[in-house]
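Colleague: Could you have a look at this structure, given as structure tokens, before my questions?
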């Protein structure tokens, strides 16, 4: 009885030997283990947003764990990018007054390129957009500034997923 149970257990476990849990990088990034992320360029009129985007992106890379973040001199690849557009579009208007908005949709667009140490392009040029929505109070500018980190987190999640999963 014990021998047959042990045999069944060994057969069940042997079927799982080819699988593993953890990050599975795309084939074209198989040799990339460390990535440098210099501060992105800001092509918008929103001040200091480049630091927010870069910091959030580095935190997302660290949370994902597929690539290690390091300086330019030790990196296998460098992720360079520019913040190209921040859009604010009305999503919901006041009942009875279509000109007054109660909710906006905020979009943050980044163009990026992942370049190998030898200068060859590994991924990109690509474009990623992070979005969020926010409700309007008396100060729309402050509301937008408070919603910007949420759009940045969405953008970082999408960008890291594109690089670590390949799509």
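Colleague: Could we say that residue 72 is under 30 Å from residue 34 (Cβ atoms) and modelled with pLDDT under 85 here?
Modeller: yes
Colleague: Checking the condition under 21 Å from residue 58 (Cβ atoms) and either more than 14 Å from the chain's Cα centre (by Cα) or part of a strand (DSSP E or B) (or both), which residue from 142, 152, 115 passes?
Modeller: 115
Colleague: Considering only residues that are in contact (Cβ under 8 Å) with a residue 40 or more places away in the chain and out of contact with any helix residue (DSSP H, G or I) (no Cβ under 9 Å at 6 or more places or on another chain), which ones fall in the range 110-149?
Modeller: If the condition is that a residue be in contact (Cβ under 8 Å) with a residue 40 or more places away in the chain and out of contact with any helix residue (DSSP H, G or I) (no Cβ under 9 Å at 6 or more places or on another chain), then 116, 117, 127, 144, 147 are the ones that fit.
Colleague: Follow-up question, since we're still on this one. Please identify the pairs in which a residue from the range 35-64 that is at positive phi and surrounded by fewer than 13 Cβ atoms within 10 Å (Cβ to Cβ) has its Cβ atom under 9 Å from the Cβ atom of a residue that is outside any helix (DSSP H, G or I) and at pLDDT 90 or above, counting only partners at least 6 apart or on another chain.
Modeller: Matching pairs, first to second residue: 48/42.
Colleague: Follow-up. So residue 159 clears everything in (1) surrounded by 15 or more Cβ atoms within 10 Å (Cβ to Cβ); (2) free of Cβ contacts under 8 Å to residues at least 60 places away in the same chain except one condition, right? Which one?
Modeller: (2)
Colleague: Moving on to the next point. Does residue 94 satisfy the criteria of being touching a residue at least 40 places away in the same chain (Cβ under 8 Å) and in contact with a strand residue (DSSP E or B) (Cβ under 8 Å, 6 or more places away or on another chain)?
Modeller: no
Colleague: For residue 25, all conditions in the list (1) surrounded by 14 or more Cβ atoms within 10 Å (Cβ to Cβ); (2) within 16 Å of the chain's Cα centre (by Cα); (3) modelled with pLDDT of 75 or more; (4) more than 30 Å from residue 136 (Cβ to Cβ) hold save one; what is the number of the exception?
Modeller: Going through (1) surrounded by 14 or more Cβ atoms within 10 Å (Cβ to Cβ); (2) within 16 Å of the chain's Cα centre (by Cα); (3) modelled with pLDDT of 75 or more; (4) more than 30 Å from residue 136 (Cβ to Cβ) one by one, residue 25 breaks only (3).
Colleague: Right, something else. Looking only at residues that are in contact with a strand residue (DSSP E or B) (Cβ under 9 Å, 6 or more places away or on another chain) and surrounded by fewer than 14 Cβ atoms within 10 Å (Cβ to Cβ) in the range 104-126, which one is modelled with the lowest pLDDT?
Modeller: The extreme case among them is 121.
Colleague: Being touching a helix residue (DSSP H, G or I) at 6+ places or on another chain (Cβ under 6 Å), under 16 Å from residue 112 (Cα atoms) and not in a helix (DSSP H, G or I) is the filter here, so list the residues in the range 30-82 that pass it.
Modeller: 37, 39, 40, 42
Colleague: Do the conditions hold for residue 75, that is, is it farther than 14 Å from residue 156 by Cβ and buried (at least 17 other Cβ atoms within 10 Å of the Cβ)?
Modeller: Considered against the rule, which asks whether it is farther than 14 Å from residue 156 by Cβ and buried (at least 17 other Cβ atoms within 10 Å of the Cβ), residue 75 comes out as yes.
The values are calculated or read from the model by the stated rules, or taken from the named source; none is laboratory data. Remember, predicted model here, so these are calculated numbers, not experimental data. Quick reminder, even Gly has a Cβ in these numbers, built from the backbone with ideal geometry, and neighbours come from all protein chains shown.
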